[in-house]
Amino acid sequence: MILLVDDKSENLIALKKTLENRGFIIDTALSGEEALKKILKTDYELIILDVQMPGMDGFEVAEAISGYSKTRDIPIIFLSAVNVSKQFITKGYASGGRDYLVKPFDTDILVLKIKTFIKLHEQTIELNRIQQSLLAEIEQRKLAESKKDEFISIASHELNTPLTSIKGYLQLAERSLEAGQKENSKLFIGRSRKQADKLNNLVTDLLDTTKIESGRLKFNYNNFNFDSFIENAIDSVRHSYPGKQIIRTGLADIQILGDESRLEQVLINYLTNAIKYAPESNQVFVEVNILPDQLIEVRVKDHGIGISKEKQEQLFDKFYRVEESSNRFQGLGMGLYICAEIIKRHQGEYGVESEPGQGSVFYFRIPVKPILDLN
Ligand code: ADP
């Protein structure tokens, strides 16, 4: 839409009609003040401004328009009956005008100019839009880059820790062997194997995370007994943490369809987190419930450090770690992200209930017979 501004209504009506006949949509204002009000409310493609007006003249209106970022780029054509001196024309351009026409003017020429300026205006808007989106993308990339750097530094540290231990234990085992202390050497080899398992888990999580990203995390669905699955997962954690008590309640002696080893990965992750983030406590609770609508639920409860409400929403995000506890506990923030993906692929739900200082319950619910996406 084009805005025509002229204090003489007969001029305004005549030009409005001429331009409407050429297919333009026209709005009008009878003073500089009225024009400014309209300009701030409506997006015009072009403004045609009479120079001589009582009150605010055309130049003043143009200057005011160039002061607002929203209106700065709207092209302005000045129309003038007098003031044709070079000085006035210069003032017209200086105040933000694109062109200066002196009456009487050729309507065909005016129409050509209007079309050209509108096209240029559209191109400017498009260029601005592209510039804004490029700037936003650059910012996003910078952020992603710095997050990646941070992740690489944490990951290197996390991978290095068990590796250093393995080297140390193997050295000790070697020395014990040389000294004929076979039992000691066995002990150190056992410890280095545990560290190698840790390393292996970290690398597996890293690989799983990249596979999730590229949609390549594979699942093998089978029917299996839910109770045995729970027992197996608990056993394997008990084995790694002999000092901790894992107390199970609830039975589910039913066959369910799913990827047993992936679901085991979820339960083991919940359990190891429950142990890791509850260093002062000895007990972890596993509760199994059969819910209505063919749903089965597993809840893992600890009396650990807990998590504040505002942090709970992000727990299952990739690489998210609660900042306050991140220095105290090792980790990469991949475990719960992988758990979430596994439960989603079983058409299930997951979540957390927690109070800082009281402990947490991490749960998942899956259908006994999900309709699975087998890709
Ligand atoms: P990681 O333990 O390697 O950091 P996870 O993805 O398993 O990664 O967990 C993400 C974050 O969630 C952890 O860094 C921790 O802050 C929080 N968290 C997970 N489980 C618990 C829990 N049982 N108690 C308190 N905080 C937890």
Read through the list (1) touching a helix residue (DSSP H, G or I) at 6+ places or on another chain (Cβ under 6 Å); (2) in contact (Cβ under 8 Å) with a residue 60 or more places away in the chain, then give the number of the only condition that V368 fails. (1)
Of all residues in region 298-322, count the ones that are among the acidic types (D, E) and either near the ligand (Cβ under 8 Å from one of its atoms) or buried (at least 21 other Cβ atoms within 10 Å of the Cβ) (or both). 1
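Residue-by-condition table, conditions (1) part of a loop (DSSP other than H, G, I, E, B); (2) surrounded by 16 or more Cβ atoms within 10 Å (Cβ to Cβ):
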{"position": "G180", "(1), (2)": "yes, no"}
{"position": "F188", "(1), (2)": "no, yes"}
{"position": "R193", "(1), (2)": "no, no"}
{"position": "N200", "(1), (2)": "no, no"}
{"position": "D208", "(1), (2)": "no, yes"}
{"position": "K211", "(1), (2)": "no, no"}
{"position": "D227", "(1), (2)": "no, no"}
{"position": "I230", "(1), (2)": "no, yes"}
{"position": "D235", "(1), (2)": "no, no"}
Determine whether region 340-355 contains at least one residue that is aliphatic (A, V, I, L, M), within 22 Å of the chain's Cα centre (by Cα), more than 12 Å from the ligand (Cβ to nearest atom) and modelled with pLDDT of 95 or more. yes
Verdict on A274 being part of a loop (DSSP other than H, G, I, E, B), at pLDDT 95 or above, surrounded by 16 or more Cβ atoms within 10 Å (Cβ to Cβ) and near the ligand (Cβ under 10 Å from one of its atoms): no
Filtering region 356-368 down to residues that are more than 8 Å from the ligand (Cβ to nearest atom) and surrounded by 13 or more Cβ atoms within 10 Å (Cβ to Cβ) yields P356, V361, Y363, F364, R365, I366, P367, V368
From the list L295, L332, L251, which one is at pLDDT below 95, more than 16 Å from the ligand (Cβ to nearest atom) and of a type outside the set (K, R)? L251
Taking D253, is it in a loop (DSSP other than H, G, I, E, B) and without any contact (Cβ under 8 Å) to a residue 40 or more places away in the chain? yes
Over region 239-248, the set of residues farther than 15 Å from G304 by Cα and either within 16 Å of the ligand (Cβ to nearest atom) or modelled with pLDDT of 95 or more (or both) is S240, Y241, I247, R248
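The values are calculated or read from the model by the stated rules, or taken from the named source; none is laboratory data. For clarity, every value in this text was computed on a predicted model and none was experimentally measured. Please note: Cβ atoms are built from the backbone with ideal geometry, for glycine as well, and neighbour counts cover all protein chains shown.
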